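Notes follow once the structure below has been shown.
Each value in this text was obtained by applying a stated rule to the coordinates, not by laboratory testing. Since this is a predicted model, take the numbers as computed values, not measurements. Here the Cβ positions follow ideal geometry from the backbone for every residue, glycine too, while neighbour counts run over all protein chains shown.
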Amino acid sequence: MKSPAALFCTLLLALLLADDLQAQMFSVSAGTQRQQLLLTTPSSAGTFLEFADFSLFGSIAEHANIPDYSFDGVLYGLYVRTPGLVFQLADRTSLGPEEDIRATFASLGLLAPATIRTGRTFRIGIPFGLSTDYTLVRTRQTANTSAEFAQNSVYISAGLDFLFQLTQRVQLHAVSQPSIGFTVGSYGATGGASYKLTQDVFFNVTQLAGIFGLQAGYTAAFYRFSNSDAEFRYDWSSHRLRLALTF
């Protein structure tokens, strides 16, 4: 099965070539103008499953005699997206080998998409973004102490956004967005660089019942917390399956 990135690049190349051929054969008509008006992403709200892996990185010596919050499990999440804003919240208890870890992830992002090319049935853009994330991982023993993993992160990002109008009601939307920023512990004792990469592929079926439609999507995400304190140097990688209403 192709990765989202490979699928994204293949579709992008095919559409660029197809649009050049169409431009030589057809003139712009009223029907084309109406179709271009459809090349906007609807707002959506729904739920997702996040299959997450959270683990320390670095040498074993750096991690001696410190709490290990590593886990591999499923979180349950809520999701809201508009053309200029994205909000996500995921949570799960009873994680880890001892089933004593709780993980919470919240993210709020602002998007300013810039269109770089529009064809008869597709749009390519650069999604500039500013986001803030809150990641909390802890056990009952470390809750509300400086030993819990409680990180506040701020990111700036720029990526590639691709929207293809398959039919009048069906869209394929793919976004690849790398981000760079910094992270600070909630207790102020730690901090450092933070990085993330998200790749989204989802389908929109619009106007199934009035203004409402359905969205089904997949997200591959990777986060690295490069804290100054080795105790809080973690990677978070995940795969999200999303189902939402569009409007």
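Quick note on region 101-247: its Rg to Rh ratio, both from C-alpha atoms and Rh being the Kirkwood radius, is 1.07. Averaged over residues, the count of other Cβ atoms within 10 Å places the peptides 100-109, 210-219 in the sequence 100-109, 210-219, highest first. Taking a sphere under 11 Å around the Cβ of Gly77 and counting the other residues whose Cβ falls inside, with K and R at +1 and D and E at -1, yields a net charge of +1. If one computes the Cα centroid of region 122-153 and of region 163-240, what distance in Å separates the two points? Spelled out, the Cα-based centre of one part sits 12 Å from the other.
3J(HN,Hα) along region 177-184, derived from phi through the Karplus expression 6.51 cos²θ - 1.76 cosθ + 1.60 where θ = phi - 60°, amounts to 9, x, 9, 9, x, 9, 10, 9 Hz, with x in place of Gly and Pro.
Phi angles across region 140-154 convert, under the Karplus curve 6.51 cos²θ - 1.76 cosθ + 1.60 with θ = phi - 60°, into 3J(HN,Hα) values of 4, 6, 9, 4, 6, 10, 5, 7, 6, 7, 10, 10, 9, 10, 10 Hz, Gly and Pro given as x.
Using 0.36 nm times the number of residues separating Arg117 and Thr167, minus their current alpha carbon distance, what extension gain do you get?
16.1 nm
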